[in-house]
Amino acid sequence: MNWTEILSFSRGPLLHISMIIFVVGMSYRLVRVVLLGWERDRASNKGSKLKGVVINYLKGLIILPFIPWVGRTFRRNELTFIAGGLFHLSLFVVLAFGTAHILVWKSLFGLSWKPLPTPVVSFFSSVGIISLIILLVNRLTHPVLKLLTRLPVWINWVVVFLPMITGFIMARHLWFKYEVIFSLHLISVSLLLIWIPLGRISHFLFYFFSRTIHGAQAGKRAIMP
Amino acid sequence: MKEKTIYEHLREKGLSRRDFMKLCGTIAGMLGLEFSPPVKALGKVLNPSPEEVVAQALKTKPRVPIIWLEFQDCAGCTEAISRSSSPLLSRLVLEDIAIEYHETLMAAAGFQAEKAREECLKRYYGKYVLVVEGSPTTADDGIYCTVGGKSNLEILKESAAGAAAIIATGNCACFGGIPAARPNPTGAVGVADLIKDRPVVNIPGCPAIPEVTTGTILHFLVMGQLPALDSLKRPLPFYGHTVHDHCLRRPFYEAGKFVGSFDDEGARKGYCLYKLGCKGPTTYNACAGLKWERGLSYPVQSGHPCLGCSEPHFWDGGGFYEGQSAPTMKLDKGSTATLIGAGTALGAALAGVNAVKKTRARKAVVKPEQPVSPAEEKKED
């Protein structure tokens, strides 16, 4: 088996199977969480649910990350906040505005938009990789985090790190032959897709549900989320 | 009688010594002899110049007979080579080296042609180079491609038996090409899949670049051996780099300037064609270096993305105009809905089981001091 065959396998059947596992797994997880049961909310509606949701997203996703010092999370642990924030931001930029990724979304959803210039995407990509390494070092050295870290956390780190590093090497054409690193990138992406429904990276979807629900509850009680 | 050398043959045809040396220089340049590992391997010294290695070979070696077979193909590779705009090289191969049997180009036809092939095979046994164009078919004993009543499998095996080397030219002969595209009704395969006991070189392309085919034949002639090959049996001097590596639009790729559609501003400015589905990054071929029509142009230069025609199964490797990063197998709306349904059903079923368990547990907690008799427990079930 040569790399050309490995590439066509990983671009075709492997990615296909992992996408199937991903879709089935995520819908399963979502249904399980939703059907865990809802406590009956007896509070009367004093404000607006929608307003609560909007404010919750604005604060949590758009405003607070850029003025972090007002939040407790930052004051308690600056490193995790900055490295974690930069990691999420770079991941978003690379996935949403990298040329190759836009072509993937175009083929899957039929939608396409303008990519960011390659050097900008490369910059964000390296920022993401560096912050992920910093987070790993932090986890390895922090006395409390060391106690909290079990095997699934290491798997999380590896399956996220591998696609990022292989993608960066591929986009910059470093060291490897293109079809080799392309295959490795796709294999690691498939691993990630399979792992997401099994582990805590599923927060990429659940996050939005919880933020919506908490925002709505706060809005109903007319308090600032 | 001593066989005439190529040089003698060329001189007889009226080629001047000056032109002969020019030819040698061209060949040496094209083969990249100065950097070619086989030269060192053969212990040849390139002083004072690489063309002397070529001249020496052409002066001392007899002609190499070539037998050119065609199976499932469009004869495009023959077209390319016979209309090549490097007339010196293609004349050298077509007339002087020389092609003894070529199903498309020779004047003979019918039984006469078949007889010519059989005679050639006998006369030059063990010496000739067999060039195969088009894919052999394996389904139903190869009956889907027959010449003179013989199946192509039979002809291939017969002709390969006495070949000094086999050159598969064009993607069809190398990897099955278009005839092997899904669902491959004729069971088309590459020559190297069938012939294991002879050295086989693949010169893929659609068509193969004529200079690459002639260059490989000349390499065999000059060095007496086939060039170094990659894992797909392609000669490294020509297939050592991707189209992307030497692409003239590469700076635009690095800068992230892409053509969005065939007639936009970027297309007029000559930006990178990656977004239009260019397969250059994974395609190993000499297009960007040798180019076509005496270095005039090649697909990417003239504004069309690379199709990856020198790679196995390029016909089935996703849409030509779809980005290379896109997955080749896709979930359509229907199957996605089915999968979501399956996940939801599974989740709901397990949640149902859980709910039943919970209810039972709660019941058990509510009345702990009234033990339930076995008969009553059964009733509840």
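Coordinate-derived values only; no laboratory data. Fair warning: this is a prediction, and the values are worked out from it, not measured in the lab. With ideal geometry, Cβ positions are generated from the backbone for all residues, glycine too; neighbour counts draw on all protein chains shown.
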Which Cys in the protein assembly as shown stand alone, with every other cysteine's Cβ at 4.7 Å or more from theirs? B:CYS24, B:CYS74, B:CYS77, B:CYS120, B:CYS145, B:CYS172, B:CYS174, B:CYS247, B:CYS272, B:CYS278, B:CYS287, B:CYS306
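Among all stretches of chain A without exposed chymotrypsin sites (Phe, Trp or Tyr not before Pro) (DSSP loop, at most 16 other Cβ atoms within 10 Å), which one is longest?
Within chain A, the longest run free of exposed chymotrypsin sites (Phe, Trp or Tyr not before Pro) spans A:39-112.
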Once the mean 1/r over all distinct Cα pairs of the range B:242-337 is inverted, what Kirkwood radius in angstroms do you read off? 14.1
Just to be sure I understand: with springs between alpha-carbon atoms less than 10 Å apart, which residue in A:LEU205, A:LEU148, A:LEU58 has the highest mean-square fluctuation in the Gaussian network model of chain A? A:LEU148
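B:VAL201: net charge of surrounding residues, Cβ under 12 Å, Lys/Arg +1, Asp/Glu -1, itself excluded? Numbers along the way, then the final one.
On the way: positive: B:ARG198, B:LYS233, B:ARG234; negative: B:ASP230.
Charge balance near B:VAL201 sits at +2.
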Looking at this model, which pairs from A:LYS114/B:LYS333; B:LYS4/B:LYS127; B:LYS115/B:LYS233; B:LYS257/B:LYS330; B:LYS13/B:LYS291; A:LYS177/B:LYS233 are more than 22 angstrom apart at the alpha-carbon? A:LYS114/B:LYS333; B:LYS115/B:LYS233; B:LYS257/B:LYS330; B:LYS13/B:LYS291
Output the relative contact order of the range B:242-337, whole-number percent, from Cα pairs under 8 angstrom with separation of 6+ residues. 29
At q = 0.06, 0.07, 0.09 Å⁻¹, base-10 log of I(q)/I(0) for the protein assembly as shown (Debye sum, equal scatterers on each alpha carbon): -0.49, -0.61, -0.86
Shielding score for B:244-253, defined as the mean number of other chain Cβ atoms within 10 Å: 1
Report Rg(Cα)/(2.2 N^0.38 Å) for the range A:32-116, keeping two decimals. 1.56
Could you state the number of Å between the C-alpha centres of the range B:105-138 and the range A:50-104? 70
Charge tally in the Cβ shell below 13 Å around B:GLU70, where Lys, Arg are +1 and Asp, Glu are -1, B:GLU70 excluded: -3
Connecting every pair of Cα atoms under 10 Å apart in chain B and solving the GNM, the largest mean-square fluctuation among B:PRO207, B:PRO299, B:PRO136 falls on B:PRO299
Of all DSSP beta bridges located in chain B, what percent are antiparallel, nearest 5? 30
Tell me which trypsin sites (Lys or Arg not before Pro) from the range A:29-94 have a DSSP coil assignment and no more than 16 other beta carbons within 10 Å of their own. A:ARG40, A:ARG42, A:LYS46
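Report the antiparallel proportion of the DSSP beta bridges in the protein assembly as shown as a percent, rounded to a multiple of 5. The partial results should precede the final answer.
Numbers: 8 of 26 bridges.
Percent antiparallel among DSSP bridges in the protein assembly as shown is about 30.
May I ask you to list, by number, the DSSP H helices of chain B whose Cα span along the axis is at least 18 Å and whose average Kyte-Doolittle hydropathy reaches -1.0 or more?
On the way: long enough: B:17-31 (21 Å, 0.34); B:110-123 (20 Å, -1.32); B:210-223 (19 Å, 1.03); B:333-366 (48 Å, 0.45).
Long hydrophobic helices here: B:17-31, B:210-223, B:333-366.
Let me check I've understood the local charge: for A:ILE155, count other residues with C-beta under 15 angstrom from its C-beta, Lys and Arg +1, Asp and Glu -1. What total comes out?
On the way: positive: A:ARG139, A:ARG150, A:ARG200; negative: none.
Net charge around A:ILE155: +3.
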Among all the lysines, which ones have a C-alpha under 30 Å from B:LYS363's C-alpha, if same-chain residues fewer than 8 places away are not counted? B:LYS378, B:LYS379
Taking only DSSP H segments of four or more residues, each worth -39500 (n - 2.57), what value at 222 nm results for chain B once the sum is divided by all its residues, to the nearest 500 deg cm²/dmol? -12000 deg cm²/dmol
Given the -39500 (n - 2.57) contribution per DSSP H run of 4+ residues, what per-residue ellipticity at 222 nm results for chain A, rounded to the nearest 500 deg cm²/dmol? -23000 deg cm²/dmol
Cα pair distances exceeding 32 angstrom across chain A, given as percent: 29
Distance in Å, no decimals, from the C-alpha centre of the range B:276-342 to the one of the range B:149-184 is 25
Along the dipole axis of the range B:242-337 (charges at Cβ: +1 for Lys and Arg, -1 for Asp and Glu; origin at the Cα centre), the most positive-end residue among B:GLY277, B:GLN301, B:GLN324 is B:GLN301
GNM result for chain B, Cα springs below 10 Å: residue of B:PHE111, B:PHE220, B:PHE320 fluctuating most strongly: B:PHE111
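Percent relative contact order of the range B:193-251, based on C-alpha pairs within less than 8 angstrom and at least six residues apart? Kindly include the intermediate steps, with their values, before the conclusion.
Numbers: 36 pairs, mean separation 17.2, N = 59.
Worked out over the range B:193-251, it gives 29 percent.
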If you average 1/r over all unlike Cα pairs in chain B and invert the result, what Kirkwood radius do you get in angstrom? 24.4
Under 17 Å from B:LYS59, Cα to Cα: aspartates and glutamates that are on another chain or at least 8 residues apart: B:GLU3, B:GLU8, B:GLU12, B:ASP19, B:GLU51, B:GLU95, B:ASP96
